[in-house]
Structure formats: structure tokens, C-alpha cells
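> Structure in C-alpha cells, see below.
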Amino acid sequence: MPKLNCREAQNLLEAFHDNELDGVNSLLVQEHLDECPDCRRQWRWLCEVEASLNRLSESPPSATQDLRRRVLQPTSTQPSLVVAFFSNAQANDWSGLASGAVCVGRRRSVNGMDQGRRHAVCAGFDEDDGERRPG
Amino acid sequence: MPGKENDDRAEAILACFEALHRAAFRLIGNKTQSEDLVQETYLRAWRSLSQLQGLSGVQPWMFRILRTVFIDQLRRESSRPKLVTDVEKLLSASEELSPPELSDVNDRRKLDEVFDQEINSAISQLPDEERLALLFQAVGGLSYREISEALECPIGTVMSRLHRAKRWLRHRLAVYARDYGRMPTARPEEEQRDAKT
């Protein structure tokens, strides 16, 4: 299996972070990061910026009740379920709606790779010596 | 359409509300205008509910409508100035910076706050399609495949747009870090030394 050069590896770092690479490419990127201090530094910086990006969704302004009403306002084309739900819903409680429907959160697992593991990989390089921490 | 099927579709599109609202706000940066965008998105979705094919594709379907409404609004505001037209051109014209070294930063919370402000500014300067791809992923939580459905483009195009957008963000934050003297940027000779020790 041919190894990646730095340019090839860096072109794949975003997809690697996002768990969007297939197993072979994911392994190739990981191997390159294990061997290349320059790309490890790029990887750590990428993780810093990705962490800032993730925080964008942690502090959104809450939607006004007026918007919720406008979005859900029953019309002749809306199904009866919405009308029933709207009349029964607590003013600030949409959890019942969300839990019963599709998942809208960030993907936890894509291509068999777990997001938590990826972040562990991200944090798994020692800041000082560039070596991976054991375990 | 059978009632149960219609109910399921309605429930599914309503479950997208929070993600759509977050994305719309980050896309526009204005609470009132972003709420108008979400409202118009739902108006069109309700009208087209019968066209939704299967519940698994509901989220990209809703984000595709959001994008269409957003683009329509941009066309109506054609005089809106575009700050950045080509990320590659900007990046190639800029000085290539090494990643900042963060290990010696004392106040990480403060640094995170600074970065969070700066990243909003950097995102606002991205071209519309790069910004859409980035926000659909980072805020909407869509996968590459779902973004490709929402933006009606190949996955390879999604990857290119995300790559350009994130390169731009990393560059902007690195410039910020260097210019404000908060962190030194690593020089190649330091990299070599690190590698040997």
C-alpha cells in the first residue's frame, strides 16, 4: 500500500477529522500522522479550528415563540398531527417532537468510525514532543 | 397520500427546525432575517410535502429548500457587496503561515472566545457556496452525502468546498494569532529540531 506524501495527507485531513474517509485512506492518513511532525502540527491546528466551529452550534440564539408559531401555523395543507401537537405542546418544550422523529444531531458514527475515537486521536498527540501518548 | 404517511413526514420536517434555525442564523447573522428565512423554508416545505420521497432524506431535503430560499433572497439583493469571490486566489496571494503553537497559552477560555469571534467574521467572508457547505456541516450536522443532496452537487465538490472553506478559516485564525502576538507560529527549522529530538 503506497504511503501518502504531506500534500496528499493534508488534503485528506478534513475528511479524516469528519470520519468521511474509507478504511484504507483513514489508515494511510493515520500512518502519515504517526510519522510526520509537520503534518501532526497541521492536524492539531485543524482540530483547534474545528473545535471553534463546533462551538457555533452550542450557543445559537433560541428561536422566538413567534417563529415557532409561524413555522407551525396550521394551514389547510398541514396534517392534523401538527395541529394536535401544537395544541398540546408546552410553550418551551419541543423535546417530545424531536425525540420521536429523525435525528438532527452531528453524526456519531460514519463508515464504522466513532466520532469520540476521532477526537481521542486528535488529542492523542503530545503537545511537546509530537509523540502519541500510550493507551 | 395516506394520513399516517403524511403525519410521519410532517413530524420529520418539524424535527429539522432547530438545525435549520441554527444554520440560518449563522448564514445570515441577523436574527429577524434568519427567522424570515426559516419561515419561508417551512412554507415551501409544507406546500411540497407530497414530493418528499422517504423519511431518510428529509434533512437534506429541508436544507435544499433553505438554500433555495437563501439564494432567491440574494438574487433580490443583487447589489449586496461580495467581500470574497475566490478563496484559492486569496490564499495563494497570502503569506503561507505555519500553524500557531498553542501549548504555552495561559488562558485557553479567553483564547477560545477570541477565536469564536474571529471565526464568525471569517465565515461571513466566504463565498456563498463554501459558506453553505461549511454551515450545513458544522451547524446543521449533515454528512458529506447529505450536503451533496442539499446543494445538488457531487460529493467531490462538497469536499473541495469544505477544504477551501476550512483552509481559509485556519489561515484567518493563524493570521489573527500572529498579528496579535498571542502565539508564536512554528518555523520550519523548529519543526526539524522537534522531529530530531
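Every read-out reported here was derived from the displayed coordinates using simple, explicitly stated rules and does not represent laboratory data. Only a predicted model underlies this, so the values are computations on that prediction, with no experimental measurement involved. Glycine gets a Cβ as well: all are built from the backbone with ideal geometry, and neighbour counts include every protein chain shown.
> Using only atoms on other chains, find how many Cβ atoms lie within 10 Å of each Cβ of peptide B:150-161 and report the average.
Per residue, the average neighbour count from other chains is 1.
> Right, something else. Would you please put A:27-34, B:28-35 in order of how densely packed they are, using the mean number of other Cβ atoms within 10 angstrom per residue and starting with the highest?
The peptides rank, most packed first, as A:27-34, B:28-35.
> Tell me the net charge near A:LYS3. Cut-off is 10 Å between Cβ atoms, A:LYS3 excluded, with +1 for each Lys or Arg and -1 for each Asp or Glu.
Result for the local shell: -3.
> So, one more: Hey, could you grab the Kirkwood Rh for the stretch B:1-52? Inverse mean 1/r over distinct alpha carbon pairs, Å, one decimal.
Result for the stretch B:1-52 stands at 11.7 Å.
> Need one value for A:63-71: mean number of C-beta atoms belonging to other chains within 10 Å of its residues' C-beta atoms.
6
> Here is a follow-up. How many partner chain Cβ atoms sit within 10 Å of a residue's Cβ in peptide A:18-25, on average, as a whole number?
Mean partner-chain Cβ count within 10 Å for A:18-25: 2.
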